[in-house]
1. Let a ≥ b ≥ c be the square roots of the eigenvalues of the Cα gyration tensor of segment 196-237; is it rounded (a/c under 1.5), or, if not, prolate (a/b larger than b/c) or oblate?
2. What does the extension gain come out to for LYS137 and PHE218, with contour length at 0.36 nm per residue minus their alpha carbon separation?
3. Relative contact order of segment 328-477, please, whole-number percent, based on alpha carbon pairs below 8 angstrom and at least 6 residues apart.
4. If a helix is a whole DSSP H run, which ones in the chain reach 20 Å or further along their own axis (Cα) and hold a mean Kyte-Doolittle hydropathy of at least 0.5?
5. Which order do the peptides 107-118, 347-358 take when ranked by the mean count of other beta-carbon atoms within 10 Å per residue, highest first?
6. Can you tell me how segment 1-99 classifies by the Cα gyration tensor, rounded, prolate or oblate, using a/c under 1.5 as the rounded cut?
7. Can you spot the aspartates and glutamates whose alpha carbon is less than 18 Å from LYS244's alpha carbon? Ignore those fewer than 8 places along the same chain.
8. According to a simple spin-label model (label point 7 Å from Cα along Cα-to-Cβ), what is the distance in nm between ARG307 and ARG2?
Amino acid sequence: MRYLSTRGLAPAEQFCDILLGGLAPDGGLYLPESYPVVSAAELTRWRGLSYSDLAFAVLSRFITDIPATDLAALIRKTYDAGVYCHARAGRNAADITPLTTLEPGLHLLELSNGPTLAFKDMAMQLLGNLFEYVLEKRGETINILGATSGDTGSAAEYAMRGKHNVRVFMLSPEGKMSAFQRAQMYSLQDANIFNIAVRGMFDDAQDIVKAVSNDAAFKAGYKIGAVNSINWARVAAQVVYYFKGYFAATTSNEQQVAFCVPSGNFGNICAGHIARMMGLPIARLVLATNENDVLDEFFRTGIYRPRRTSETHVTSSPSMDISKASNFERFIFDLVGRDPAVIRDLWRQVEAGGAFDLRGTPHWARIGGFGFVSGSSSHTDRLATIREVWQKYGTMIDTHTADGVKVALAHREAGIPMVVLETAQPVKFAETIQEALGRAPVRPADLEGIESLPQRVEIMDADAEAIKAFVARHCRD
Ligand SMILES: *Cc1c(COP(=O)(O)O)cnc(C)c1O
């Protein structure tokens, strides 16, 4: 399997060659040359597989430059080592992504049972093992530099802790994360993990990462890399649980399902789109946004209008607070019939600070064939949905999942099970749960009291030169 860039001006590459990088050299995103198609007989065989066997069946279609025995071992190490241990009471943690049925035809697919209690662990843990494997083979090292306001940074640190030839330098805004989030990240004592609390806001931290990445000499000299949501391996790993969720919600491959996905950067639902292109019987992909509704607007109108950072709403489902959706180009590439010239033209408009409008084009005429519908949710909707799901079903859901359930309920179709992806556990967003239910969310027993563990964090000014000096100093150790 080879990978090509959505912009069409970069050479095709193998999986391991694009694993450690981000954007393609022409500024595009990598996608498989063609999607592997799953036959009816294979789908029948896959129905009974364990999560890691299913992951191997799916991922071995995308990863053809790692020997099968090695790939199988990396996958087992990721999904069979007991790290996805935070399932709801009564669910089988060995399912990795257990299905909770709220009522007949309405389900939650639990994706947040990993170490940081958010769905990003599902793919990031595999990424950690893949990075270590490929770096070892090549005799290379990588220094991951990132900025986080919560979920991504902690998922990256828990995936990379203790990995050979990998260091993580994670910038976070000082005092802006919850005590629980700070404790999750800063209590890690692994020698290859460096937490830097920056005096400033998330955007200041993000600007430093950009400034360092724009310093080509520093970037090359210190092997600076990233693990953001455009990484192809993360998308590929996420394809697996759409198959798992489909099998859990159906009894035969004649049936169709709908998935509702709380969305921000379009990474999660992009994996659903790919599963559908592979032939998984998905009737509908329901995209849910919060007040940051740039994607809902596109699927309703055909206009993609990224917002300015200053227009981004700070919401109670913060992991979906985006101004533009970094994986969206992958879907549009398929929508426009994989014509890279069209993508270059559309993103020239986006990168100039503009928008694009597909209404009246042959591309937009094809949108119905892709199965997408969408909706958005507000803080009030979120509180009402958390309350409703708690009162009606006795199930506590987090704020992002609530956005999903709210939008899912507006798009149910007779005879088609609706599976809402549960992207985080309520304890991560305790304040809003308290506001909705007047009670605190329960916390997994092993995370009780983590706020009192010793913390390892460097507090620094929002100064790119000082951060570079810090990175340089710790790369020499
Ligand atoms: C990252 C995240 C999302 C958004 O996922 P995308 O892949 O960016 O669309 C939704 N919910 C939670 C809890 C997240 O951490």
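The values are calculated or read from the model by the stated rules, or taken from the named source; none is laboratory data. Keep in mind it's a predicted model, so treat the numbers as computed, not measured. All Cβ positions, even for glycine, are placed from backbone atoms using ideal geometry, and neighbour counts span all protein chains on display. Note: areas computed on protein heavy atoms with side chains; ligands, DNA, RNA excluded. Shrake-Rupley method; radii C 1.70, N 1.55, O 1.52, S 1.80 Å.
1. It comes out oblate by the Cα gyration axes.
2. Taking 0.36 nm per residue and subtracting the Cα distance, the gain is 26.7 nm.
3. Dividing the mean separation by the residue count of segment 328-477 yields 14 percent.
4. Correct list, ordered by number: 232-249.
5. Numbers: 107-118: 24.8, 347-358: 14.1.
Result, highest mean Cβ count within 10 Å first: 107-118, 347-358.
6. Numbers: a/c = 2.27, a/b = 1.81, b/c = 1.25.
Cα axes put segment 1-99 in the prolate bin.
7. Answer for LYS244, where 18 Å is the Cα cut-off: GLU42, ASP53, ASP80, ASP95, GLU110, ASP121, GLU254, GLU422, listed by chain and number.
8. According to this spin-label approximation, the distance is 4.1 nm.
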